[in-house]
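Some notes on the structure that comes next.
Bear in mind that the values in this text are calculations on the coordinates, not laboratory data. Treat the numbers as computed from the prediction; the structure is a model and nothing was measured. Quick reminder, even Gly has a Cβ in these numbers, built from the backbone with ideal geometry, and neighbours come from all protein chains shown.
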Amino acid sequence: MMPSPYPLEEELGMRYYASVTPGIGGRLRSSPEDFIVEELPLPISDPNGPYLICRLTKTNWELQRAVKEIAKRLGISHRRIAWAGTKDKNAVTTQFISIYDVTPEAVGQVHLKDITLEVVGRSQHSLILGCLAGNRFDITIRDCIPEDLAERVEAVTAVAARGVPNYYGLQRFGVVRPVTHLVGERILKGDYEGAVATYVGRAYPRESEAVRQARTRFAETRDPRAALADLPVQMTYERSMVNHLVANPGDYAGALRVLPPKLLSLLVSAFQSYLFNCALSSRIEAGLTLTEPEAGDRLLFSNGREDIVSARNRQAALLQIRRGRCRIALFISGAEPVTSHGPMDEIMQDLMQKSGVNAGDFEHASRFVATKFAGVLRPISLSADVQAEISDTSVRLRFTLPPGHYATTVCREYMKADPYMMI
């Protein structure tokens, strides 16, 4: 394992690489066409259902904005559109969406630049997050360091096949402003004013000077009228929040609730993602591996079955892991009490205690956001059979990942570059 030298990755808990080979550097997403994602769907259930299933292909569109524009063209609420996976903006992405109670003819009349919609079937049920088989990636990293490029790529490809830390990537926390977990933490603590102040008022260096000044002024003054005058019109979420505060002074809880429900729930779950990253890095710091189980480790099998490693079954568990039937997993805490089985559970509970967050806070947030924040098992390692091609100083990577896993987690092992080179 090799420590990351980048403060932003340290801040987000992504503190280690699995490979010790020097990075190839380079830049991801020089153009959207350098990052191609194709969603692999699950079978469509019922051709007579009320939900129209469509294949959505978009270039350089943020998903929430694309959905709102599609809904506007259809003359329906955007809440009637759902999806199985949230895809990157600066990319060419193909994914599936469900639209309630519309006709194929209406969809055929939707025309938006860099967006195509194709009806593929119907279903009795709306799509939900995670309801997909996986994602296929075709990624090009440009302007790589030429020295020993082939050897470096080959070495990391071998490591990726064995397994790398399954971190939540930068985009989980916000690409330009990684604040989602910070806002989620404030919501969990019932500090709604702090949550709004962080969402609207926390500035980051890669924003324009005007935006940074507007955010800083709000952070210092809490003046929503001034913020409404200062914030650019394209910052629709921030403007909606401060506009609510203009009409309802001091109602910070209401200001948060003007955000789309899915976005609001993502803020809270981002804090769970942050806890996972930190706990995984703590495991590595403790000298424990990604693939050799310890007594008390949790196992997650490919069919969803769970188990606990004991001193008695440790060798059998190791054999199952090597055969690819299961992985060591970390339980991410949520609203229900957790029984500690071993050191990883203790690490997670210690992180929760230091953060001042407990299961009751998740339960309270569940009521506030109207989303259940249950605990969940997530594998601590991610392996990928990467096909790598080198052309001059460009490296093309093609691989497939299960749902909820991040392609940038694989790319960072090759690049070992400033995380902002991957956005």
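At-a-glance table
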item: Lys, Arg +1 and Asp, Glu -1 on Cβ, resulting dipole of the chain about Cα centre, debye, nearest 20; result: 820
item: Neighbour-count ranking [beta-carbon atoms within 10 angstrom, fewest first] of S269, S19; result: S19, S269
item: Cβ charges +1 (Lys, Arg) and -1 (Asp, Glu), total dipole of segment 75-118, debye; result: 200
item: Largest-first principal axis extents of the Cα set of segment 71-111 (Å); result: 28, 20, 16
item: Normalised contact order of segment 42-123, rounded percent, pairs of Cα under 8 Å and 6 or more residues apart; result: 52
item: Computed Kirkwood radius, in angstrom, where 1/r is averaged over Cα pairs of segment 42-123; result: 12.7
item: The chain, helix-only ellipticity at 222 nm - DSSP H runs n ≥ 4, -39,500 (n - 2.57), divided by all residues, nearest 500; result: -11500 deg cm²/dmol
item: For V67, V233, V120, order by how many other beta-carbon atoms lie within 10 Å, fewest first; result: V233, V120, V67
item: Hull shadow area, averaged, segment 107-240 [alpha-carbon convex hull, nm²]; result: 14.7
item: Size of charge dipole - segment 343-393 - debye, nearest 20, with Cβ of Lys, Arg +1 and Asp, Glu -1, no other charges; result: 380
item: Relative contact order of segment 1-160, defined on C-alpha pairs under 8 angstrom at six or more residues apart (%); result: 36
item: Fraction of beta bridges assigned by DSSP in the chain that are antiparallel (%, nearest 5); result: 95
item: Gain upon complete extension [A210, E147; 0.36 nm per residue less C-alpha separation]; result: 18.6 nm
item: Among M344, I328, F276 the positive-end extreme of the charge dipole of segment 264-379 (Cβ point charges); result: I328
item: Ranked D88, D46, criterion: other C-beta atoms within 10 Å, fewest first; result: D46, D88
item: Pairwise FRET efficiency - L8 versus D392, Cβ, R0 = 41 Å, nearest 0.05; result: 0.90
item: N303-E62 pseudo-label distance in nm [points 7 Å out on the Cα-to-Cβ vector]; result: 4.3
item: Volume per residue of the C-alpha convex hull in segment 264-379, rounded to whole Å³; result: 99
item: Inter-site label distance for K189 and R312 at 7 Å from Cα along Cβ, in nm; result: 4.4
item: For segment 180-259, the fraction of alpha-carbon pairs in successive 10 Å shells from zero, as %; result: 21, 57, 22, 0
item: Fraction of alpha-carbon pairs over 38 Å apart in the chain - percent; result: 24
item: The chain: relative contact order in percent, alpha carbon pairs under 8 Å with at least 6 residues between; result: 22
item: Gain upon complete extension [S31, E220; 0.36 nm per residue less C-alpha separation]; result: 64.3 nm
item: Theoretical gain in end-to-end length, K372 to D101 [0.36 nm per residue, Cα-Cα removed]; result: 94.9 nm
